[in-house]
Amino acid sequence: MDFIRNFPFISIVFTLFSGAVCSVLPGRAARWVNTAVITVSGVLSALVLRYVLVTGECFVYMMGHFPAPWGNEIRAGVLEAAMALFFCIIMLLSMWGGRKKLMEEVEESRHNLYYILVNLLLCSLLALVYTNDLFTAYVFVEINTIAACGLIMVRQIGRTLAAAARYMIMSLVGSGLLLIGLCMLYDLTGHLLMSNIQESVRGILADGTYAIPLVITIALMVVGLAIKSALFPFHAWLPDAYGYSTISSAAILSSLASKGYIFLLIKIIYRVIGFEVFNNTHIINVLFVFGLLAMIFGSLSAIKEGGIRRMIAFSSVAQVGYIYMGIGLGTEAGMIAAVYHIFAHAAGKALLFIAVIGLTDVSGFSRRFIDQTGAGYRNKIAGIGFTVGSLSMVGVPIFAGFISKILFAQAAIRNTGKLLPTMIVLAVSTILNAIYFMKTVIRIYTPNPDSGFTGIALKKEKLYALAIVLFVALNIALGMSSQPVVNAIETGLKMFG
């Protein structure tokens, strides 16, 4: 049973090694390796999750069996294992749903390159989830950035090249701030392992020395990760990156890449700085304000968009705002809501991107709203998927997004100082979400017999249909059986401390 403690390390090394293997394989073989890698990593994560749930405690894996402060550590608890499993599920379904378009939009000579990048992205996400070392986290932040940039530009059209350049510039700014903050933190504490840093931070606060440099250090790291996760107003790179990349890339980047940075930030808050210490720095209030602004301005930008994919991309700005608003509430309930929304948004947004490609394909490959009229009839499975994803984002009962908004409202009640702005913005944002998502749902189900567009033969799209069905089931499962997930998040956050 204790052999399971090796699985987090095995999954990281396995995904990293698979990238090198895919580099010498043809595209078809690399695709099978990619599917196997994601599946095996998911199974290993599921076994780790079961292990920590049975034992009721997290565990630390010392690489090379060298203890701190000389050795590097991996730390796995309920939340880490659950997040790793969920990332694998979303990535596998996103790859299935976008496989056909990948073969059409990416040159065959670059197919193995694409799967290399996906494997490296999964490796970086697993490392960010499991690592207990800040410098290791930074290394995999950079791997995540490079892999994500490659996934954007692999399509090789003008807009994707420009989007990749913009993404890289903004990401390097975020990475630079994170690295400066990490170096300052190492200078202040003399440690890189998260648990050791927290002990030194407590000592600094107890002595009253270097309090201002510590706050500056925390601010640099938080701002760096906020930029990389596209928190408003650092989101300018996002619409083109998600709107013009191949559909699997859009689904993976919108639902997973930014969430890895947010999860790292949550780990830093709990395991490096300390939740109470972070709450007293007032940085949390800045995150709260920008989270609220993102919820409004992201939705307003989505309403003004004339293309369906860029509308969904701008919606991600608003949804990231929800997460930061939950963190900014500064309560355990707010953090639980924020983590739950990571799950809910990943499931819903990946579904939307996968579904929308089915709608545009039967609309003359046009992304304009006017051409989507009646698309839900021409591709029924895509219409159902888009409708479910939209209802979840709006917050309709039985879907995952509804539970998120209930949790955010309950968390706001427990913080009277932030109750009023939270409830007002939550209500306004929900109305705005309904405006742009529901008008699109209405349009795709408005009959248009004179359009001249034709449907597709679903028997040739079995894998695409399966991905949509499983995404729909996942959104409903998160909405109908949310309590076990909430309980797991609560347990995992307690293990963080």
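The values are calculated or read from the model by the stated rules, or taken from the named source; none is laboratory data. Because the structure is predicted, anything quoted here is derived from the model rather than measured. Quick reminder, even Gly has a Cβ in these numbers, built from the backbone with ideal geometry, and neighbours come from all protein chains shown. What goes into the accessible areas is simple: the full protein's heavy atoms, side chains included, and nothing from ligands, DNA or RNA. Shrake-Rupley method; radii C 1.70, N 1.55, O 1.52, S 1.80 Å.
Could you check how much of the accessible area of the chain is carbon and sulfur, as a whole percent, using a 1.4 Å probe? Of all accessible area on the chain, carbon and sulfur atoms account for 69 percent.
Magnitude of the charge dipole for region 1-151, about its Cα centre and with charges confined to Cβ atoms of Lys, Arg (+1) and Asp, Glu (-1), is about 400 debye.
Kirkwood hydrodynamic radius of region 246-292, from the reciprocal of the average inverse Cα-Cα distance over all distinct pairs: 12.3 Å.
For K380, give me every one of the aspartates and glutamates with a C-alpha distance below 14 angstrom, ignoring sequence neighbours fewer than eight places off in its own chain. In chain and number order, the partners are D361, E461. Computed as a quarter of the hull surface, the mean projected area of the alpha carbon convex hull for region 18-167 stands at 9.9 nm². Length gained on full extension, S200 to A409: 71.7 nm, using 0.36 nm per residue less the C-alpha separation. Using a/c under 1.5 as the rounded threshold, could you call region 1-85 rounded, prolate or oblate? The axes a ≥ b ≥ c are square roots of the C-alpha gyration tensor eigenvalues, and prolate needs a/b larger than b/c, oblate otherwise. Verdict is oblate for region 1-85.
Normalising the average separation of contacting C-alpha pairs (under 8 angstrom, six or more residues apart) by the number of residues puts the relative contact order of region 36-144 at 29 percent.
Protection proxy ranking of 471-484, 201-214, 260-273, 370-383, by the mean of other Cβ atoms within 10 Å over each peptide's residues and highest first, is 260-273, 370-383, 471-484, 201-214.
Descending by average beta-carbon neighbour count within 10 Å, the peptides 220-232, 409-421 line up as 220-232, 409-421, the highest first. The coefficient of translational diffusion for region 126-250, derived via Stokes-Einstein from the alpha carbon Kirkwood radius under 20 °C and 1.002 mPa s, stands at 136 µm²/s. Sparse packing (at most 11 other Cβ atoms within 10 Å of the Cβ) combined with a DSSP loop state is found for the following chymotrypsin sites (Phe, Trp or Tyr not before Pro) in region 45-147: W70.
Considering region 51-130 at the alpha-carbon level, its Rg and Dmax are found to be 17.2, 50 Å. Each Cα pair under 8 Å and six or more residues apart adds its sequence gap; the mean of these over the residue count of region 150-291 is a relative contact order of 32 percent. The lysines whose alpha-carbon is closer than 23 Å to the alpha-carbon of K494, local same-chain residues fewer than 8 away aside, are K259, K267, K405. Among A165, A465, Y115, which residue has its Cα furthest toward the positive end of the charge dipole of the chain, with +1 on Lys/Arg Cβ and -1 on Asp/Glu Cβ? Most positive-ward Cα: A465. What shape does region 126-190 have by the C-alpha gyration tensor, where a ≥ b ≥ c are the square roots of the eigenvalues, rounded means a/c under 1.5, and otherwise prolate means a/b greater than b/c and oblate the rest? Oblate, since a/c reaches 1.5 and b/c is not below a/b. For region 297-354, the Kirkwood estimate of the hydrodynamic radius, built from every pair of different alpha carbons, is 11.9 Å. Here region 194-297 is treated as an ellipsoid with the same Cα gyration tensor; its semi-axes, largest first and in whole Å, are 31, 15, 10. Its relative contact order, with pairs defined as Cα atoms under 8 Å and 6+ residues apart, puts the chain at 15 percent. Its Cα centre serving as origin, the chain has a Cβ charge dipole (Lys and Arg +1, Asp and Glu -1) of approximately 1380 debye.
Ellipticity at 222 nm from helices only: DSSP H runs of n ≥ 4 in the chain, each -39500 (n - 2.57), divided by the residue count, give -25000 deg cm²/dmol. In terms of Cα atoms, the Rg and Dmax of region 234-388 work out to 17.1, 55 Å. Projected label points at T209 and Q156, each 7 Å from Cα along the beta carbon direction, are separated by 5.8 nanometres. For the chain, the solvent-accessible area works out to 36 Å² per residue, with a probe of 1.4 Å and every protein chain left in place. Diffusion coefficient (Stokes-Einstein, Kirkwood radius over C-alpha pairs, 25 °C, 0.890 mPa s) for the chain: 109 µm²/s, rounded to a whole number. Taking the three principal axes of the alpha carbon atoms in region 338-408, the coordinate ranges are 40, 19, 18 Å, sorted in descending order.
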